Structures are given as structure tokens and as C-alpha cells.
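Undergrad: Dropping a structure here in C-alpha cells format, bear with me for questions.
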Amino acid sequence: MSKEKLRKKLINLRKIKFKNQTINFPQFNRVLKKLNLKKNINIGGYYPINSEIGCLDILEKLEKNNFKISLPAIKKNNNMDFYEWSFKDLLKISHLGIPEPKKNKKVFPDVLIVPLVGFDNNKFRLGYGGGFYDRYINKILKIKRVTTVGFAFSFQEILKIPINKFDQRLDIILTNTGIVK
């Protein structure tokens with residue numbers, strides 16, 4: 001099945017099965033503890049759209065626990081950067097209709113929470129097809145080490161994601177039912 005057909009099928013399935021669920025904070029916190037990261041790191045998240053599994057609860061708890069958080073802002077040519085953000089800050093709506101932070105302080109997250117349409121056991125993800133996250137992960141890995149954590153519903157797992165040379169493998173995938181290692 002082509003990526004486009006697979007993407008359409010999985011997005012429709014997500015819309016049908018969607019329940020306003022999130023990854024639970026203790027599960028995410030266990031991952032952070034295993035990574036043995038410092039408190040002053042920056043964690044990049046996303047603003048969930050189109051029935052994506054939520055991460056805002058986790059970002060809010062992280063901020064309350066003195067972590068720095070950031071969200072992406074879309075740029076030209078399907079590129080994006082992450083900007084420091086706080087729940088006290090207002091968001092603006094991008095040209096794609098996605099809430100994003102004002103472009104204050106650009107940051108390179110230490111941990112990047114990545115939304116996905118589908119994933120496989122090899123930790124490859126299927127996104128919306130614009131290559132935003134693959135491009136960003138490729139760019140940040142040239143600057144520093146980043147831990148990528150995919151967030152998904154367990155029903156989004158498929159046997160094998162068709163991949164190409166641009167696709168980036170994630171480090172960890174957390175679902176509403178557990179961890180894909």
C-alpha cells in the first residue's frame with residue numbers, strides 16, 4: 001500500500017476511534033528518568049490537531065516541574081523551528097490553522113515529542129506527508145543529540161511503514177497502552 005493510501009486509511013481510523021486520550025504523565029516521566037536527563041532541559045511538544053493523541057497535559061506538568069517547554073512554528077518550504085513557550089503565553093494561529101508560539105526565543109529541544117499518523121515496531125513513523133518532522137530531526141541532529149519520542153494511539157501501529165531515505169527513526173514510541181522499544 002502506498003504511503004498516501006496508508007496515511008488516508010490511518011487518519012480515518014483515528015477519527016473514528018478517537019477518544020480524547022493522552023499518554024499518562026507517570027509513563028512519560030519513567031522514560032525521562034531512564035534517559036537520566038537534567039531538569040533544565042527543553043522538551044519540544046506539539047499542539048494536537050486532527051484527533052492526534054494529546055500531549056498538552058504532559059507539557060503542563062513538565063512546566064510545573066521546572067522543565068522548559070517549546071512548540072513548533074512552521075516556516076517556508078515545509079520547515080519548522082521550535083520556540084520557547086509557556087502556558088502563560090498566548091498562541092497564534094498559523095497559515096495551516098495550527099496554534100503555534102510567537103517567535104520569541106528559538107530553541108533546540110533535548111527531547112522532542114513527535115505526533116504521528118502511524119508507526120511500526122521498528123519505530124518508523126508515518127506523518128501527514130509534508131516531511132516537517134523528518135526535516136527538523138535531520139537538522140537538529142547536525143547540531144546536537146535529541147531524543148525523539150513518538151506519541152500515538154496503540155491502534156495506529158501497523159506491520160511495516162514504507163520508508164525512504166529521508167524518513168527518521170524515532171528513539172521511543174509511547175502509546176496510550178505502553179512503550180514500543
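Any read-out appearing in this document is the output of simple, stated calculations on the displayed coordinates, not a laboratory observation. Note that the coordinates shown come from a computational prediction; the quantities given were computed from them, not determined experimentally. Cβ sites come from the backbone with ideal geometry, for glycine too, and all protein chains shown count toward neighbours.
Undergrad: Per the helix-only calculation at 222 nm, which mean residue ellipticity applies to the chain, given -39500 (n - 2.57) for every DSSP H run of n ≥ 4 and division by its residues, nearest 500 deg cm²/dmol?
TA: -7500 deg cm²/dmol
Undergrad: Under 8 Å for C-alpha pairs, at least 6 residues apart: give me the relative contact order for the chain, rounded to a whole percent.
TA: Across the chain, relative contact order equals 21 percent.
Undergrad: Rounded to the nearest 20 debye, what is the charge dipole size of the range 3-180 about its Cα centre when +1 sits on each Lys and Arg Cβ and -1 on each Asp and Glu Cβ?
TA: 320 debye
Undergrad: With only alpha-carbon atoms in the gyration tensor, what are the semi-axes of the equivalent ellipsoid for the chain, in Å, largest first?
TA: For the chain, the semi-axes come out at 23, 19, 17 Å.
Undergrad: Let me ask you something else. Per residue of the range 74-85, in order, report the coupling 6.51 cos²θ - 1.76 cosθ + 1.60 (Karplus, θ = phi - 60°) as ³J(HN,Hα) in whole Hz, putting x for Gly and Pro.
TA: Per residue, the Karplus-derived 3J(HN,Hα) values read 6, 10, 5, 6, 6, 9, 8, 9, 9, 10, 3, 8 Hz.
Undergrad: On to the next question. May I ask for the angle, rounded to the nearest 10°, between helix 3-17 and the longest principal axis of the chain, with both axes built from Cα atoms and the value confined to 0 to 90°?
TA: Result, in degrees: 70.
Undergrad: Work from the charge dipole of the chain (Cβ charges, +1 for Lys and Arg, -1 for Asp and Glu, about the Cα centre) and give the residue of Asn78, Asn50, Asn40 farthest towards its positive end.
TA: Comparing the listed Cα positions along the dipole, Asn78 ranks first.
Undergrad: Which is the longest part of the chain that has none of the chymotrypsin sites (Phe, Trp or Tyr not before Pro) sitting in a DSSP loop with at most 12 other Cβ atoms within 10 Å?
TA: Between exposed loop sites, the widest span is 1-86.
Undergrad: Just report the Cα centroid separation between the range 50-84 and the range 112-181, whole Å.
TA: The range 50-84 and the range 112-181 have Cα centres separated by 15 Å.
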